[in-house]
1. Let me have the relative contact order for the stretch 129-191, percent, based on Cα pairs under 8 Å that are six or more residues apart.
2. Working out 0.36 nm times the residue gap between VAL114 and ASP168, then minus their Cα-Cα distance, what length gain in nm do you get to one decimal?
3. Using a/c under 1.5 as the rounded threshold, could you call the stretch 79-125 rounded, prolate or oblate? The axes a ≥ b ≥ c are square roots of the C-alpha gyration tensor eigenvalues, and prolate needs a/b larger than b/c, oblate otherwise.
4. Determine the shape class of the stretch 129-191: with a ≥ b ≥ c the square roots of the Cα gyration tensor eigenvalues, call it rounded for a/c under 1.5, and otherwise prolate if a/b is greater than b/c, oblate otherwise.
5. So how many Å³ per residue does the convex hull of the Cα atoms of the stretch 60-197 work out to?
6. In terms of modelled amide H atoms, which long-range or inter-chain residues lie less than 5 Å from the amide H of GLU64?
7. Using a 7 Å offset from the Cα along the Cα-to-Cβ direction at both THR82 and TYR106, what is the distance between the two label points in nm, to one decimal?
Amino acid sequence: MANTYENIMSSSSNVDIWSEISRVLLLIMYSLFAKAVTGYHFVKDKYIEYKYTTDTNAEIRPTERYFLTSEGRQDDMTGVDTIPPGWVYVEEWMDTKGHKKMVVLYEGDLVPMVWAMTPYEKPPAKCPWVWVGDRQTEIDLTRTFDRFLVPGNVLKKELVSKLIKITDHTNLIYIETKTFNQIKFPGDGITIEEDDE
């Protein structure tokens, strides 16, 4: 009366069931393997997770990108290959913990369409300031500027003028990290370099 494995498998309907179960199990195993190799590669609220991606064919893109103009933020990049005069291009990249890094480009630079890596894959940046802002008007840009700590970024007055209103009375300075000297914000901007320590 007891059915053996051979008896169960000999029935054609049972064979169909077992082959379907085997196929489903193989698909589940493949899916789990793919997830382990490529990481969590999904889109959620316009957020793309690439931190753990090892798939070299994965499409790397910033979380957001836009222009800052004298009229404000512009998200439409249709037909713009080169950054127009007076505009600033900004990319926002977010990691798994919600930390944001930003890349900035200026007039005449090409608008990126392909990215080889995220800012999180670049070497750490050297922070040249302890504080950035204008003491007279009590404008503190330190936290905002910390997001731009990506090697290769240049923080120019063109960017600052899009973030705050600059007047004749604005006196932008930064307190240097090593010396704690107050330094007037340079006309050609602050270049962010790799941390060599």
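Values in this text are rule-based calculations from the coordinates and carry no lab data. Every value quoted in this text rests on a predicted model; they were computed, and no experiment measured them. We place every Cβ from the backbone using ideal geometry, glycine too, and count neighbours over all the protein chains shown.
1. Values: 75 pairs, mean separation 27.1, N = 63.
Over the stretch 129-191, the number comes to 43 percent.
2. Details: separation 54, 0.36 × 54 = 19.44 nm, distance 3.97 nm.
Value of the extension gain: 15.5 nm.
3. On the way: a/c = 2.36, a/b = 2.08, b/c = 1.14.
Taking the square roots of the gyration eigenvalues as a ≥ b ≥ c, the stretch 79-125 is prolate.
4. Working: a/c = 1.55, a/b = 1.13, b/c = 1.37.
Note, shape of the stretch 129-191 comes out oblate.
5. Working: hull volume 17.5 nm³, N = 138.
Each residue corresponds to 127 Å³ of Cα convex hull volume.
6. Amide H neighbours of GLU64: GLU92.
7. Reported label-point gap for THR82 and TYR106 is 1.7 nm.
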